[in-house]
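Single-structure report; data block below.
The values are calculated or read from the model by the stated rules, or taken from the named source; none is laboratory data. What you see is a predicted model; the values in this text were computed from it and never measured. Neighbour counts are summed over all protein chains in view; Cβ atoms, including those assigned to glycine, are modelled from backbone coordinates with ideal geometry. Please note that ligands, DNA and RNA were not included when accessible areas were found on the heavy atoms of the full protein model with its side chains. Shrake-Rupley method; radii C 1.70, N 1.55, O 1.52, S 1.80 Å.
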Amino acid sequence: MRILLAEDDSVLADGLTRSLRQSGYAIDCVKNGQDADTALSTQEFDLLILDLGLPRLSGLDVLRRLRARGSLLPVLILTAADSIEQRVGGLDAGADDYMPKPFALSELEARVRALTRRGQGGGSTVIRHGPLVYDQVGRSAYINDQMLDLSARELGLLEILLARTGRLVSKEQLVDHLCEWGEEVSNNAIEVYVHRLRKKIETDGIRIATVRGLGYCLERYSDNARDGARKSADAASGHK
């Protein structure tokens, strides 16, 4: 998932960026409110981590402009201010959660996971798709209880496709959600990631369909798909 971090403290921003990247998120970082507002106006993100004390445009103003545009993007506020009034002000302006500095990275990451799940419209930490099970907290995937060996990029791709099961996802959308600013990722690279993921998950009726010239779709799973896959396997092995 792609996160925008708006934080003017370079040491804190670098630490958060490293930690969240290790957890498999794509992170873009800005150091003032004006740049945050511009990024939010022109690009898509799955979560905003927002410091209230930004220069050029305050965090509260960034948040108010975001909500005025009708955006439902989940927002986690970080600030050194811990007064009740400022917490209430941030929540009233449209924030989804609030963490005063200093904080534990483990707690921040737990809140990030909760907010990204909420943004996808679900409360469960586990997504099931036929025999495929994806654990959002542990960022691990299983088929028939066997853990899959997936890279961080493959996990991110799987997460996006699962969140949009039955819907077309364009290559441009995949690049936007998987990659950070400055990364040069071509459509050919996306094709390679999809090819690798297919080899690991396409079994028992699980299928990533290619919509030529447009993108990809993780087809909805059904018992018919499972039965069809079994019949094909039986026919290939010579069973009647």
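Which members of segment 124-162 meet the condition of being open to solvent by 30 Å² or more (accessible area, probe 1.4 Å), among the aliphatic types (A, V, I, L, M), under 14 Å from residue 201 (Cβ atoms) and not in a strand (DSSP E or B)? Steps first, answer last, please.
Looking only at segment 124-162, we keep the residues that are open to solvent by 30 Å² or more (accessible area, probe 1.4 Å), and these are 124-128, 130, 133, 135, 137-139, 142, 144-149, 151-153.
Cutting the leftovers down to among the aliphatic types (A, V, I, L, M) gives us 126-127, 133, 137, 147-148, 152.
In the following step, the residues that additionally are under 14 Å from residue 201 (Cβ atoms) were identified as 127, 133, 147-148.
Matches in segment 124-162: 148 only.
Residue-wise test of (1) among the aliphatic types (A, V, I, L, M); (2) closer than 21 Å to residue 150 by Cα; (3) modelled with pLDDT of 90 or more; (4) open to solvent by 50 Å² or more (accessible area, probe 1.4 Å).
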site	(1), (2), (3), (4)
187	no, yes, no, yes
198	no, yes, yes, yes
202	no, yes, yes, yes
214	yes, no, no, yes
219	no, yes, yes, yes
228	no, no, no, no
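Of the residues that sit in segment 186-218 and are assigned to a strand (DSSP E or B) and under 20 Å from the mean Cα position of the chain (by Cα), which one is farthest from residue 161 (Cα to Cα)?
We begin by selecting, within segment 186-218, every residue assigned to a strand (DSSP E or B); these are 208-211, 215-218.
Next, only the ones that are under 20 Å from the mean Cα position of the chain (by Cα) stay: 208, 215-218.
Working: 208: 9, 215: 11, 216: 8, 217: 7, 218: 6 Å.
If we take residues in segment 186-218 being assigned to a strand (DSSP E or B) and under 20 Å from the mean Cα position of the chain (by Cα), then 215 is farthest from residue 161 (Cα to Cα).
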Pick from segment 67-111 the residues that are basic (Lys, Arg) and modelled with pLDDT of 90 or more: which of them is least open to solvent (accessible area, probe 1.4 Å)?
67
Residue in segment 14-32 that is touching a residue at least 12 places away in the same chain (Cβ under 8 Å), farther than 30 Å from residue 140 by Cβ and touching a Gly at 6+ places or on another chain (Cβ under 7 Å) present
no
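Among the listed residues 182, 166, identify the single one that is at pLDDT 85 or above and loosely packed, with under 15 Cβ neighbours inside 10 Å. Don't jump to the end; show me each part of the working.
Working: 182 fails: at pLDDT 85 or above.
Being at pLDDT 85 or above and loosely packed, with under 15 Cβ neighbours inside 10 Å holds for just one of 182, 166, which is 166.
This table checks each residue for (1) of a type in the set (Ser, Thr, Tyr); (2) closer than 16 Å to residue 97 by Cβ.
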site	(1), (2)
7	no, yes
12	no, no
18	no, no
22	no, no
32	no, no
38	yes, no
41	yes, no
44	no, no
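Working only within segment 127-150, note down all residues that are farther than 21 Å from residue 114 by Cβ, touching a residue at least 24 places away in the same chain (Cβ under 8 Å) and of a type outside the set (Val, Ile, Thr). Reasoning before the result, please.
Pass one, segment 127-150, residues farther than 21 Å from residue 114 by Cβ: 129-132, 142-150.
The next check asks that each one be touching a residue at least 24 places away in the same chain (Cβ under 8 Å); those that pass are 129-132, 143-144, 148-150.
Scanning segment 127-150 gives 129, 130, 131, 132, 144, 148, 149, 150.
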Within segment 41-63, the residues that are under 21 Å from residue 2 (Cα atoms), open to solvent by 20 Å² or more (accessible area, probe 1.4 Å) and out of contact with any Lys or Arg (no Cβ under 6 Å at 6 or more places or on another chain) are 41, 42, 43, 44, 52
When segment 1-20 is examined, which residues are found to be open to solvent by less than 20 Å² (accessible area, probe 1.4 Å) and of a type in the set (S, T, N, Q)?
17, 19
